[in-house]
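Laboratory data are not the source of any read-out in this text; all were calculated from the coordinates shown. Note that this is a predicted model, so its numbers are computed, not measured. Cβ placement follows ideal geometry from the backbone for every residue including glycine, while neighbour counts extend to all protein chains displayed.
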Amino acid sequence: MTLHIKPNLLLTSLCLLWITGVQAQRVLHTAGNEILDSSGRQVILHGVNLGGWLVTEDWMCGITDTTDPEGRSARQTLEGIYSPTQVTNLINIWEDNWITAADMDTIKSLGFNCVRVPFGWRNLQNENRQWYLDTTGHIDFSRFDWIVGQAAQRNMYVIFDFHVWLNQNKNYSGISNVDSVILNACSIWKAVAEHFNNNPTVAAYDLLNEPTASWNDTVMRLIYDTVRSVDPSHIIALEWISFDTSRWHNVLYENHWYGLTAGSLSPNIHYFDSAYLPVLQKADSMRAPYYVGETQVPNDSSLAWSLNQYCIYQTNWSPWTYKTINQWGWGLLSFYPNHTSVNIVTAPYDTIAARWSQVSNPMNCYELQDIKTIWSNAAKSICAPNGIPSATVQNLKVNIYPNPATDYVIVETDETFVGGTILVTDITGRQITNAVIKNTETEIPFSGSSSGIYLVKITNLNRQSIVKKLAVSGHQ
């Protein structure tokens, strides 16, 4: 039997396939343990969390609410006191001021290339699980669209993080296997993924914040498959999931690391090497990209050291968080409580409105300069192509081969590096060798070296450096 296809139908089908392919190529995607942009350039996400914006958390938002032991239900508390219009007005005042265009300018100036945006089911649905609709009758994504637009204007990315789901408890981790809860989570993610399908500013969908793993990852599989049914192209971030390259595709493995709590460097190094380093090494060996979606390190030297380790393993990261009220050390910025904190149960409407309008006033803000500087330096580091490449980073043309190496490695640069230096260290920072760059190809001998991971730092005369990771297989 001969199948005849009308030429115009065939042409239309081919065009649709081509358009779909082109759109898919516009978004970030994973390749091995790297994230690549549409041009095939590596992107390492150095972001910051926008905690408190769409999901208020009493402890860090200056909110006192004696009726809510969970500490994350300010909207629900207000709904029990004020009219729907008043509640909407108060929430708008908070969201209009907690993160502003000026904040996005600050985040960009610090070198961050991404924001992680926690959201909850109540940002999109009312207490009866009915969608909030815009004036056109569609689901109201106005806050989501605003942050994506702000990021796009600044050549940055957005990760959406489902932080609070239906019936979630204070421990963050419990997602019930009750069908209604799972179906609600799938419904919300389907709407979000449909809305942002093919949007190049959205870096990833973070499906569940700190979930308790269900048997055989059942819940995560259902949400993952739901998103993939409407958006096959965007990266999906999976928290607390075992590495499985056969089941999960185009994913970013994620964890939240808050364990470096000692007041000095040495015990924090010990903890990192025992708890975190094996995970990064496994991700590296499995060619799986890794993301520390939340972290906070109170000791400055430990923070700087840990960020260097992330640089070595090309780990994506985002600290918790950008802004707090009266929580020194948790935010890059912290606001004094005098004019911003409020008891939303006892304070009158006008007081709440006035206090919340002040969370954008720089006069009420204290910058944690040391912490901010450390994060900013790490965000701007050129240990690998950092985020959406700037002209400066793009011009650092460096290649090393063979990699893995046995007896030698060739460091290939362009003419701008001639006169610069090459420094080779092991992962502990011990110097192995160094060389002056005399032409565009420099041979570095490794004969007799032990097997392992080495760092090759190439610096030009302008003191711009790029670090490449090199695997060496020593002779048996």
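Computed quantities for the displayed model
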item	result
Built amide H within the under 5 Å cut-off of His29, gap 5+	Leu36
Among 446-455, 153-162, 36-45, the order from most to least packed when residues are scored by Cβ within 10 Å on average	153-162, 36-45, 446-455
Karplus-derived 3J(HN,Hα), 6.51/-1.76/1.60, for each residue of segment 402-416, Hz, glycine and proline x	x, 8, x, 10, 10, 9, 7, 9, 9, 9, 9, 10, 9, 5, 5
Net charge over other residues, Cβ less than 9 angstrom from the Cβ of Ser360 (K, R count +1; D, E count -1)	-2
Helix-only [θ]222 nm of the chain, DSSP H runs n ≥ 4, -39500 (n - 2.57) each, per residue, nearest 500	-9500 deg cm²/dmol
Computed over segment 397-472, the ratio Rg/Rh where both radii use C-alpha atoms and Rh is Kirkwood	0.94
Relative contact order [Cα under 8 Å, 6+ residues apart], the chain, whole percent	16
Net lengthening on full extension, Val436/Asp300 (0.36 nm per residue, minus Cα-Cα)	45.6 nm
The chain pair-distance distribution - Cα-Cα, 10 Å bins, rounded %	4, 18, 27, 25, 15, 7, 3, 0, 0
Peptides ranked, highest mean first, by Cβ atoms within 10 Å: ranges 251-263, 345-357, 123-135	251-263, 345-357, 123-135
Compactness index (Cα Rg / 2.2 N^0.38 Å), segment 55-200	1.09
Relative contact order computed over segment 397-472 (Cα-Cα under 8 Å; 6+ residues apart), in percent	34
Segment 30-37 - phi-based ³J(HN,Hα) in whole Hz, Karplus 6.51/-1.76/1.60, Gly and Pro as x	9, 9, x, 9, 10, 9, 10, 8
Positive-end extreme of charge dipole, segment 162-312 - chosen from Val181, Ala203, Ser229 (charges on Cβ)	Ser229
Built amide H within the under 5 Å cut-off of Thr64, gap 5+	Val342, Asn343, Ile344
For segment 159-313, projected area of the alpha-carbon convex hull averaged over all directions, nm²	9.9
Most positive-pole-ward Cα, Tyr310, Tyr336, Asn299, against dipole of segment 268-393 from beta carbon charges	Tyr310
Rough spin-label spacing in nm, given labels placed 7 Å along Cα→Cβ, for Asp273 and Glu70	4.3
Fraction of alpha-carbon pairs over 17 Å apart in segment 255-392 - percent	66
Scattering curve values for segment 70-121, log₁₀ I(q)/I(0), Debye with Cα scatterers, q = 0.20, 0.24, 0.31 Å⁻¹	-0.82, -0.96, -1.20
Normalised convex hull volume, segment 265-306, alpha-carbon set, Å³ per residue	69
Relative packing of 264-275, 300-311, which averages over residues the other C-beta atoms within 10 Å, highest first	300-311, 264-275
Alpha-carbon centroid distance for the pair segment 248-275 / segment 77-99, whole angstrom	37
Charge context of Val472, other residues only, Cβ under 13 angstrom, K/R +1, D/E -1	0
Over segment 21-72, volume per residue of the alpha carbon convex hull, in Å³	141
